[in-house]
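Peer 1: Below is a structure I'd like to ask you about.
A short reminder: the numbers here are calculations on the coordinates, not readings from a lab. What you see is a predicted model, and the numbers here were worked out from it, not measured in a lab. So basically every Cβ, Gly included, is an ideal-geometry build from the backbone, and we count neighbours across all protein chains shown.
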Amino acid sequence: MKEGGRKQGAPSPCAACKLLRRRCAQDCVFAPYFPADEPQKFANVHKVFGASNVNKMLQELPVHQRGDAVSSMVYEANARVRDPVYGCVGAISSLQQQIDALQTQLALAQAEVVHLRVRQSATLSNHGLSPASPSNSGSPSSRLMGSQMKPMFDMDMVDHTSLGESMWSC
């Protein structure tokens, strides 16, 4: 495909020219970005931005930036079709709410881990073991293994690979 134009001898007009019911010229600005086999792509962009505005935006941009601009317009147009009021902002807001809820769940889980560690430390103290002694330093599981006691809560049971990164990082 020639940059900024259609293929030589292309049998059908681009999706934009087809929707606009016009002849697709050799130097059609829409042709490289709205192929004939993806009519809904241009239909949504046209519905949200208008063909004239899209044409102006594309012509004002250098050729190497047009693909990214079209990709952004298609994304925003599809989001506007799904949510006419908020578009992309609605999707971003929804994702932010999910992040907030997950961070709250993570904080609760971390607080529970701290609580269980404190409780485990108290249990060790009640059995005459000093949690601060050199032989019992390190993780709770290593302290318990050294004393041959069965752990109440062993952090080694947590599958760290499924967490993606350290559960203590923010």
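Peer 1: Using only the Cα atoms of region 70-118, build the gyration tensor, take square roots of its eigenvalues as a ≥ b ≥ c, and label the shape rounded, prolate or oblate: rounded if a/c is under 1.5, else prolate if a/b is larger than b/c, else oblate.
Peer 2: Cα axes put region 70-118 in the prolate bin.
Peer 1: Please say if region 21-83 is rounded, prolate or oblate, where rounded means a/c under 1.5 for a ≥ b ≥ c the square roots of the C-alpha gyration tensor eigenvalues, and otherwise the choice is prolate for a/b larger than b/c and oblate otherwise?
Peer 2: Since a/c reaches 1.5 but b/c is at least a/b, the shape of region 21-83 is classed as oblate.
Peer 1: Projecting each Cα onto the charge dipole of region 1-124 (Lys/Arg +1, Asp/Glu -1 at the beta carbon, about the Cα centre), which of Ala111, Asn55, Val74 comes out farthest on the positive side?
Peer 2: Asn55
Peer 1: Using packing as a proxy for protection, rank 112-120, 74-82, 40-48 so that the peptide with the highest average count of other Cβ atoms within 10 Å comes first.
Peer 2: 40-48, 74-82, 112-120
Peer 1: Classify region 13-130 as rounded, prolate or oblate, taking a ≥ b ≥ c as the square roots of the eigenvalues of its Cα gyration tensor: rounded when a/c is under 1.5, otherwise prolate if a/b is larger than b/c and oblate if not.
Peer 2: Prolate is the answer for region 13-130, as a/c is 1.5 or above and a/b outweighs b/c.
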